[in-house]
Ligand code: KIV
Ligand code: NA
């Protein structure tokens with residue numbers, strides 16, 4: 001049973017209680033996030049970048065998202081879990097989109113799905129929500145379209161762009177989305193969108209005016225090499241350095257025969273058993 005429900009999420013917006021969301025991709029990242037008390041977990045297709053080592057999220061497949069969602073659900077059984085629909089598994093007509101979203105829910109165990117895009121997704125979102133599949137929107141910088149956008153740049157700087165994003169946000173709310181991720185948009189626009197709609201906005205690189213925030217797990221703890229070394233990220237730990245020096249020490253211990261020691265070994269005839277190993 002999840003701690004956070006959709007009605008409660010909306011209440012958080014109305015009561016001005018910020019929503020804390022993080023991505024997770026496997027059992028330990030989900031477990032630690034739940035233990036830390038996050039409100040929601042996103043199984044982001046950013047797993048293509050931070051876990052699988054791709055340059056973009058475009059190569060990520062539906063099966064990848066399902067596989068990782070299952071691990072996250074096992075690690076965080078009491079947290080609301082939203083899973084990204086990956087590249088070209090939606091925008092392919094309401095029926096096919098519904099089939100793919102249903103697989104993420106039924107096979108993966110997610111409680112909701114996230115789709116990148118604006119007003120053009122209204123029909124698909126309407127069908128998903130009518131089938132009982134909660135949808136989180138995502139506008140602003142939409143990484144699945146990076147080849148079309150031509151790079152990662154702040155969205156909504158021109159009046160025309162800002163107006164379109166505001167209209168998209170309203171269309172997503174109208175279509176039944178329960179919230180909207182705003183990625184890499186100006187602080188002014190994100191605040192204006194947040195005030196103009198009744199559903200919560202979750203910002204990443206969208207400033208202080210959103211109803212919640214989301215960060216990528218690996219960015220937050222600096223785990224791995226594919227970190228978004230960007231202005232929008234705050235890193236609260238440097239786990240990558242900790243892991244590298246631990247492994248370096250281990251390699252050194254093996255080469256100098258400092259590990260294993262007697263206490264790690266099993267001499268014949270020893271009666272005590274450590275951790276059930278005999
Ligand atoms: O995939 C992801 O991690 C995301 C967040 C950045 C919102 O979509
Ligand atoms: Na994503």
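The values are calculated or read from the model by the stated rules, or taken from the named source; none is laboratory data. Keep in mind that what you see is a predicted model, and the values were worked out from it rather than measured. Because the Cβ atoms are built from the backbone with ideal geometry, glycine has one as well, and the counts that use them run over all protein chains shown.
Before we move on, is residue 63 over 28 Å from residue 122 (Cα atoms), without any contact (Cβ under 8 Å) to a residue 40 or more places away in the chain and surrounded by fewer than 16 Cβ atoms within 10 Å (Cβ to Cβ)? It is false that residue 63 is over 28 Å from residue 122 (Cα atoms), without any contact (Cβ under 8 Å) to a residue 40 or more places away in the chain and surrounded by fewer than 16 Cβ atoms within 10 Å (Cβ to Cβ). In the set 173, 160, which member is more than 23 Å from residue 215 (Cα to Cα) and either in a helix (DSSP H, G or I) or modelled with pLDDT under 95 (or both)? On inspection, the qualifying residue turns out to be 160.
Within segment 207-218, residues that are in contact (Cβ under 8 Å) with a residue 24 or more places away in the chain and over 14 Å from residue 19 (Cβ atoms) reach partners that are away from ligand 1 (no atom under 11 Å from the Cβ) and in a loop (DSSP other than H, G, I, E, B) with beta carbons closer than 9 Å, at six or more positions or on different chains, in the pairs 216/227; 217/223; 218/224; 218/226; 218/227. For the structure I just gave you, tell me whether residue 89 is out of contact with any strand residue (DSSP E or B) (no Cβ under 9 Å at 6 or more places or on another chain), within 16 Å of ligand 2 (Cβ to nearest atom) and touching a residue at least 12 places away in the same chain (Cβ under 8 Å). Yes, satisfied.
Here residue 215 passes the criteria (1) at pLDDT below 95; (2) within 12 Å of ligand 1 (Cβ to nearest atom); (3) out of contact with any helix residue (DSSP H, G or I) (no Cβ under 8 Å at 6 or more places or on another chain) except the one numbered (1). I need the helices (runs of 4 or more DSSP H) fully contained in segment 1-77, keeping only those with at least 2 residues that are at pLDDT 95 or above, in contact with a helix residue (DSSP H, G or I) (Cβ under 8 Å, 6 or more places away or on another chain) and within 16 Å of ligand 1 (Cβ to nearest atom). Fully inside segment 1-77 and qualifying: 27-36, 47-50, 62-75. Restricting to segment 128-153, and then to whatever is in a loop (DSSP other than H, G, I, E, B) and within 22 Å of the chain's Cα centre (by Cα), can you tell me which residue is farthest from ligand 1 (Cβ to nearest atom)? Per the stated criteria, the residue is 132.
Across segment 208-239, the qualifying residues are those that are over 18 Å from the mean Cα position of the chain (by Cα) and closer than 24 Å to residue 37 by Cβ, and the one among them that is surrounded by the most Cβ atoms within 10 Å (Cβ to Cβ) is 209.
Taking segment 147-196 as the range and being in contact with a strand residue (DSSP E or B) (Cβ under 6 Å, 6 or more places away or on another chain), closer than 15 Å to residue 232 by Cβ and away from ligand 2 (no atom under 16 Å from the Cβ) as the test, the residues that pass are 156, 190.
Residues in segment 154-185 that are farther than 12 Å from residue 138 by Cα and buried (at least 21 other Cβ atoms within 10 Å of the Cβ) were compared, and the one that is nearest to ligand 1 (Cβ to nearest atom) is 155.
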